[in-house]
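Encoded as structure tokens, the structure appears first; notes follow it.
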Amino acid sequence: KVTVPMSLSETRVRELISKRSGWIQSKLKEQSKQPIFKSKEYVSGETFPYLGKNYRLKVHEGIESSVKLKNGYLNVCVSNEDKGDATIKFMVEEWYKRHAQTRLTEKTERLAKVIGVTPSSIEVKSFKSRWGSCSSRGDISYNWKIILASHRIIDYVVVHELCHLIEHNHSAKYWKEVGKYIPDWKECRDRLKFNPHIF
């Protein structure tokens, strides 16, 4: 899909596409290598990532519903009345969100001291197309799904948002600030950008 100003002639548009054909081909090649994302069915045996490591889901029936990470498994205990894919999905996502709030708060507070900033608040939300945000008031929000990634990637997202408390933009000065704490920030950024489902 090509978006151009209405004032551009069709000839000029074709010239621009031709000029950028090498870049377009390389991006199409990159996308073709992406693994196809398969929706989870929330059944025993499926793999679920947490902090960069994979755990097998083990669903069993019990008196009280619960989700626990134990012996290398993500154990989901459901009562007979609660049995069903939708319930299991809800339970697993709520477990992720609780752990995301705890872990991301810990990381943010620790890294904020290193950087020398103080966020106004730390929250976990459901974002469709971003990993985090920092408001002009200093409120930091994270996409709970980042908890699926490795500590290195999570640290990058946390530092990314905290550095907005110093530079509320994406200028060269801002990226220099990020680079002080995450030297390989470009690699982390690209990994999140081009592989949104690998975690």
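The values are calculated or read from the model by the stated rules, or taken from the named source; none is laboratory data. The structure displayed is predicted, hence computed values, not measured ones. Cβ atoms come from the backbone with ideal geometry, glycine included; neighbour counts cover every protein chain shown. All accessible areas refer to the heavy atoms of the entire protein, side chains included, with ligands and DNA or RNA removed. Shrake-Rupley method; radii C 1.70, N 1.55, O 1.52, S 1.80 Å.
So the check is Cβ under 6 Å with 6+ separation or different chains; which pairs have a first residue in region 62-88 that's within 21 Å of residue 99 (Cβ to Cβ) and in contact (Cβ under 8 Å) with a residue 24 or more places away in the chain and a second one that's among the hydroxyl-bearing types (Ser, Thr, Tyr) and part of a loop (DSSP other than H, G, I, E, B)?
Listed pairs, sorted by first residue: 65/79; 88/42.
Cβ-Cβ under 8 Å, sequence separation 6+ or interchain: first residue in region 177-191 and closer than 12 Å to residue 157 by Cα, partner open to solvent by 70 Å² or more (accessible area, probe 1.4 Å) and part of a helix (DSSP H, G or I). Which pairs?
181/114; 188/152
Does region 47-66 contain at least one residue that is open to solvent by 50 Å² or more (accessible area, probe 1.4 Å), among the hydrophobic types (A, V, I, L, M, F, W, C) and part of a strand (DSSP E or B)?
No: zero hits.
Here's a check for you: in region 95-131, which residue that is of a type in the set (Gly, Ala, Ser) and at pLDDT below 95 is most open to solvent (accessible area, probe 1.4 Å)?
Step by step, filter region 95-131, then rank; the result is 129.
Which is exposed (fewer than 12 other Cβ atoms within 10 Å of the Cβ) and modelled with pLDDT under 90, of 79, 7?
Checking each option against the conditions leaves just 7.
Answer yes if at least one residue in region 82-103 is assigned to a strand (DSSP E or B), more than 22 Å from the chain's Cα centre (by Cα) and small (Gly, Ala, Ser), and no otherwise.
No, the conditions are met nowhere in region 82-103.
Would you be able to say whether some residue in region 141-150 is open to solvent by 40 Å² or more (accessible area, probe 1.4 Å), more than 23 Å from residue 54 (Cβ to Cβ) and hydroxyl-bearing (Ser, Thr, Tyr)?
No, the conditions are met nowhere in region 141-150.
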